[in-house]
Amino acid sequence: MTSRQKKLKLLSKNRKSRFYSIYACAHNNAVELLSEAEVLFEKKKYARAYFLAFTGLEEISKSQLAADVWTGFIKEDNFRKHYANHNRKIGRVKWVSLDAEDYIDLEDEKYIVIKIPSVKKRIKALYVDVKPNDISLPKDIISREEAKSLIHTLRVAIERIIVMKEYYGHQIGTKGFMK
């Protein structure tokens, strides 16, 4: 093996380990975003809680994409294609909305209504919406139930990933739990 080939192999190995770091950092950030969304929810700041929970789901998507590169399940260019696009990232975690539907809200004693999150709703959770004959505030658009639902969805995503990795011993990334 030539010196150049050795350097390229080392560079490739370092690049791969970088994806493990992205996986871990994005996952940990999602956990922090969940915690912060819960604090805001308790303070009745539902729009901002929704925004943080949505962002947490995007971080879960990013972490799983990075894990899939690290395990060799997808190529790096596929990560780059999805990582910078909000719609693609949130599309990759639609599975958790389905998983989150099976829970009863003990406080309200009914099933939690889960909606697939949309980027448009995320934007409306943060910005005043100006239309020709109307102005909408984020707090008027995002309800308590929507914020609670999305926080619950993020919590389920984190739980599913941890259980599959820690309890069942599956590898990290979507190949480990989306069979």
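The values are calculated or read from the model by the stated rules, or taken from the named source; none is laboratory data. The model shown is predicted, which means the values in this text are computed figures rather than measured ones. Here the Cβ positions follow ideal geometry from the backbone for every residue, glycine too, while neighbour counts run over all protein chains shown.
Would you confirm whether or not the stretch 86-98 contains a residue that is assigned to a helix (DSSP H, G or I), modelled with pLDDT of 85 or more, among the aliphatic types (A, V, I, L, M) and surrounded by 13 or more Cβ atoms within 10 Å (Cβ to Cβ)? No: zero hits. Counting residues in the stretch 49-67 that are modelled with pLDDT of 90 or more and in contact with a Pro (Cβ under 7 Å, 6 or more places away or on another chain) gives one or more.
Only a single criterion out of (1) modelled with pLDDT under 90; (2) farther than 19 Å from R160 by Cα; (3) surrounded by fewer than 16 Cβ atoms within 10 Å (Cβ to Cβ) is not satisfied by R122, namely (3).
Filter the stretch 70-81 for residues that are in contact with a Lys or Arg (Cβ under 8 Å, 6 or more places away or on another chain) and either surrounded by fewer than 20 Cβ atoms within 10 Å (Cβ to Cβ) or closer than 11 Å to T174 by Cβ (or both) and give the result. Residues satisfying the conditions are T71, F73, E76, K81. If you go through the stretch 74-85 and pick out every residue that is within 16 Å of A26 (Cα to Cα) and not in a loop (DSSP other than H, G, I, E, B), you end up with 4.
Pairs are defined by a Cβ separation below 6 Å, a sequence spacing of at least 6 or placement on different chains, a first member in the stretch 80-96 that is over 16 Å from A67 (Cβ atoms) and among the charged types (D, E, K, R), and a second member that is part of a helix (DSSP H, G or I) and at pLDDT 80 or above; the pairs so defined are R88/H82. The condition (being among the hydrophobic types (A, V, I, L, M, F, W, C), modelled with pLDDT of 95 or more and surrounded by fewer than 14 Cβ atoms within 10 Å (Cβ to Cβ)) is satisfied by just one residue among V31, V39: V39. Residues of the stretch 41-62 that are without any contact (Cβ under 8 Å) to a residue 60 or more places away in the chain and in a helix (DSSP H, G or I): E42, L52, E58, E59, S61, K62. Go through the residues of the stretch 56-69 one by one and say whether even a single one is hydrophobic (A, V, I, L, M, F, W, C), within 15 Å of R122 (Cβ to Cβ) and crowded, with 20+ Cβ neighbours inside 10 Å. Yes, that holds for at least one residue.
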